[in-house]
Amino acid sequence: MPILRLGDVLVTGLLDELDDRSAMAFVDELTERITREAATGVLIDISRLEIIDSFVARTLSELTTTARLLGARVIVAGMRPPVAITLVELGLKLHGVETALNAEAGMAALGWYRTRSSREGSRGDDAS
Amino acid sequence: MVTTPRETPAGRGWGGAAAAEHRTEYPVRTEEDLLEARHAVRAATLETGFGLVDQTRVVTAASELVRNAYIHGGGGTLVIERLRRPGGRGVRLTVSDAGPGIANVDAALADGFSTGSGLGHGLGGARRLMHEFRIDCPPGGGTIVCVTRWTSG
């Protein structure tokens, strides 16, 4: 999964096919990028995750804690409603992990706002 | 290595009174098997007619159980059965491994218990996500976990 940089925010996401090895590689790469690019915010889009089990939950928690120790605030965005319901029943509260309804709300929380001109510019090709 | 699910005659599942319509067995030996098992469980829940939230519950429970078998049990097998009983349909998952077994099942079911890379919510969480839950640790070693979820209709 690519990690993009927008100013001092890193933007990335998790795919549903996350296995242990790729999860560890992802955490390593993201922490390295936070340090190298002095990022103060990280947006992780999880809208493609069809499930979050205790392994993925642990990965997100540890990543958030590690990033915070490096001075970056992590926002996990776009959790699917069935995933949220299942997580609660599973007993996982994702303590300390900040969330946002979608990537746009997450970026706004990290200080990125959609301006009037960008809103007008995107009118017509915005499916919603 | 290509792992093909092995189809066996229905109705020979472990621990069940309801009739099994369909039964498939999957190996749980590699990381790729974990993903393959999840996909197969998702397909079975779709076939059974579960809604999206129930699909997510069953696939999440399956993910916890096959990961347990892979990490703690040294690998094993997953059997997926699609069931029918008067007034509903269901999916039963039986995950067995030949590992050391679980010394204290009650402790393992409590939240926060972990000897591996999880959060210690796997077994207890899987129990909460499913309607029926059985765990068996035979004296000779190994662990068998059998969980079922039924449609509400």
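Just so it is clear, none of the values below were taken in a lab; they were calculated from the coordinates. In this text, all values refer to a predicted model and were calculated from it rather than measured experimentally. As a convention, Cβ positions derive from the backbone with ideal geometry for all residues, glycine included, and neighbour counts pool all protein chains shown.
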Practice problem: For n ≥ 4 DSSP H runs only, could you compute -39500 (n - 2.57) per run for chain A, divide by its residues and tell me the 222 nm figure to the nearest 500? | Solution: -14000 deg cm²/dmol
Practice problem: Provide the net charge surrounding A:ILE3, with neighbours chosen by a C-beta distance below 13 Å and charges set as Lys +1, Arg +1, Asp -1, Glu -1. | Solution: -2
Exercise. Return the distance in nm (one decimal) between the two label points of a simple spin-label model at A:SER47 and B:GLU25, each offset 7 Å from Cα along Cα→Cβ.
Key: 4.3 nm
Quiz item: Roughly speaking, what is the centre-to-centre gap between the stretch B:37-71 and the stretch A:56-92 when only Cα atoms are used, to the nearest Å?
Solution: 21 Å
Quiz item: In peptide A:83-89, how many Cβ atoms from other protein chains are near each Cβ within 10 Å, on average?
Solution: 5
Quiz prompt | Surrounding net charge for A:ALA109, when Lys and Arg each add one and Asp and Glu each subtract one, Cβ distance under 9 Å | solution = 0
Quiz item: Which number do you get for Rg(Cα) / (2.2 N^0.38 Å) in the stretch B:19-150?
Solution: 0.99
Quiz item: A:THR66 to A:ARG36: extension gain in nm, 0.36 nm per residue of separation minus the Cα-Cα distance?
Solution: 9.3 nm
Practice problem: Take every residue in peptide B:30-41, count the Cβ atoms of other chains within 10 Å of its Cβ, and give the average of those counts. | Solution: 2
Practice problem: Count charges around A:ALA77 for me, please; just the other residues with Cβ under 14 Å from its Cβ, Lys/Arg as +1, Asp/Glu as -1. | Solution: 0
Practice problem: May I ask you to list the residues of the stretch A:7-21 whose amide nitrogen lies under 17 Å from a point 7 Å from Cα along the Cα→beta-carbon direction of B:GLU32? | Solution: A:17-21
Quiz item: Residues of B:51-60, mean number of Cβ from any other protein chain within 10 Å of their own Cβ, rounded to a whole number?
Solution: 6
Quiz prompt | Long-range tail of P(r) for chain A (Cα pairs > 27 Å, %) | solution = 19 percent
Quiz item: What are the ³J(HN,Hα) values, in whole Hz, obtained from phi via the Karplus relation 6.51 cos²θ - 1.76 cosθ + 1.60 with θ = phi - 60°, for each residue of the stretch B:95-103 in sequence order, with x given for Gly and Pro?
Solution: 10, 10, 9, 10, x, x, x, 10, 5
